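Each reported figure results from applying straightforward, stated rules to the coordinates on display, with no laboratory input. What you see is a predicted model, and the numbers here were worked out from it, not measured in a lab. All Cβ positions, even for glycine, are placed from backbone atoms using ideal geometry, and neighbour counts span all protein chains on display.
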């Protein structure tokens, strides 16, 4: 998993494949696209990642917790 260079609001490093929860309490998968890191919300589509990282919390990852994004 690729490190994004950012941490969540608790100081935990955020990696590609991590599932983060933002202020709206929704689960978002961090992924790499052609423009850089983004987050995918399965209810709202793709969202910009950089603006949400500092206010989000890592709650798991897609490999160990796939049920979080269902």
Exercise. In whole percent, what relative contact order does the chain give with Cα contacts below 8 Å and a gap of six or more residues?
Worked result: 33 percent
Problem set entry | Least to most buried among 64, 29 (fewest other Cβ within 10 Å first) | 64, 29
Exercise. Can you pull the three principal axis extents for the Cα set of the stretch 3-69, in Å, largest first?
Worked result: 27, 25, 23
Problem set entry | 12, 40 arranged by Cβ crowding within 10 Å, fewest neighbours leading | 12, 40
Seminar exercise, completed: Expected sort for 58, 30 with the fewest Cβ neighbours (10 Å cutoff) up front is 58, 30
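Taking the Cβ-Cβ separation of residue 59 and residue 34 as r and a Förster radius of 30 Å, what is the calculated FRET efficiency to the nearest 0.05? Display every interim value, and only then the final one.
Numbers: r = 26 Å, r/R0 = 0.88.
Computed FRET efficiency for residue 59 and residue 34 comes out at 0.70.
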Exercise. Over the stretch 1-42, what is the mean sequence separation of C-alpha contacts under 8 Å (at least six apart), divided by residue count, expressed as relative contact order in percent?
Worked result: 26 percent
Exercise. How much length is gained on full extension from residue 68 to residue 6, taking 0.36 nm per residue of separation minus their Cα-Cα distance?
Worked result: 20.2 nm
